[in-house]
Each structure stands twice: as structure tokens, then as C-alpha cells.
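Read the structure below first, then the notes.
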Amino acid sequence: MGATGVQMDLTRATPAELTRVLHGADAMVFAAGSSYDSTAKESIAINLDAAVASIDAAVEARLTHVAMISAHRVDEDFGDDQTMTYLRAKRAADAHLRSQTRLRWTIVRPDALSDEEPTGHVQVGELVPEGLLPRADLATVVTAALTRPGANAQFEVIGGSTPIEEAVLEATRGL
């Protein structure tokens, strides 16, 4: 697809640096996220602040589509303080992306990721049960979402039995 990856410290990048990196691109995939052992400050810095700054830079750079990898069950409150901070930061970043009117967006909410071989099949929906998803299948889901013309979409995803292209088409139909 001609994608180019960019690796940078999103917690230190200025808005101008982010916009400059995105200049000339068609789309952005925001795949950053904190680890479980991150402090609350670190979790907010990457899952909320960096996400919002990247979304704003995408709008400023006139990108046409932003795909964000969020998290399964992000609209629920559960777990310890660390989990709650993570969920609330991801939830707020998702809301910021949904509020954008100058670009298309897709929010993909996977559950646990694995390094297993891709299957090419997933289960998607507004809410899906807990489950594993190979990282390579998540990448294919995001790619399918980026190449799908049409409306904005948000959906959860785990491993399943539906071919990825069909699942993404169904998840984005009529939204």
C-alpha cells in the first residue's frame, strides 16, 4: 500500500513535529499504547495526550483517514486503578477521534493480542466476548478498514471464523 512507518517519542513530540511527519500522508494508524506496568502519568501521556496530539496533527496535515487501535471493553470501568486509568485514557482518546469532522476514522478495539500465526478470520461487533487475536490479523483488519471507502466505524475484534474482509465490510456497513 506504500505505507511508511514512523517511530518517535510521542510523549515528547511537539504538535509541529507531528504535523510535519504526517504532511503528505493520506492516512495514519495510531498504534501506540502503554504497557501494563506503566505509571498513571505514563499511561495518560501515551494513551490520551499523544493520541489527541496525533489526531489533531492528522487534521492539521489534512489526512483523509485515521485508524486508532484502542482496547477491548474500553467503555466499561473495571479492574485496579492502573487498569481504570488506562481504560479512561483510551476512552477519552476514542471520543476525541469520533468528534473529528474533517477526516474519516476507524477505531479498532482488539482484546488480547498474540504472536501466533494469522488465521485470516475474525469476529467483529459492537461488543464481542473476550478472546485472542494474532497481531498479524489485527494488522490486516486495520488495512482493510483503511481501504474501505465510506463511513466512520468503531468495533471490537477477536479471533473468529469470518474472513477479515467480510468482517470489516459488515462492521463498517451503514455506519
> Which condition number in (1) over 16 Å from HIS65 (Cα atoms); (2) of a type in the set (A, V, I, L, M); (3) surrounded by fewer than 17 Cβ atoms within 10 Å (Cβ to Cβ) is the one that LEU138 fails?
Replying inline: (3)
> Going through the range 70-84 one residue at a time, which ones are modelled with pLDDT under 95 and among the hydroxyl-bearing types (Ser, Thr, Tyr)?
Replying inline: THR83
> In the range 138-173, how many are closer than 22 Å to ASP26 by Cα, in a helix (DSSP H, G or I) and charged (D, E, K, R)?
Replying inline: 1
>> Any residue at all in the range 16-28 that's touching a helix residue (DSSP H, G or I) at 6+ places or on another chain (Cβ under 6 Å), more than 18 Å from LEU113 (Cβ to Cβ), at pLDDT 95 or above and among the acidic types (Asp, Glu)?
In response: no
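The values are calculated or read from the model by the stated rules, or taken from the named source; none is laboratory data. Computed from a predicted structure; not experimentally measured. Here the Cβ is made from the backbone with ideal geometry for all residues, glycine too, and neighbour counts use every protein chain on show.
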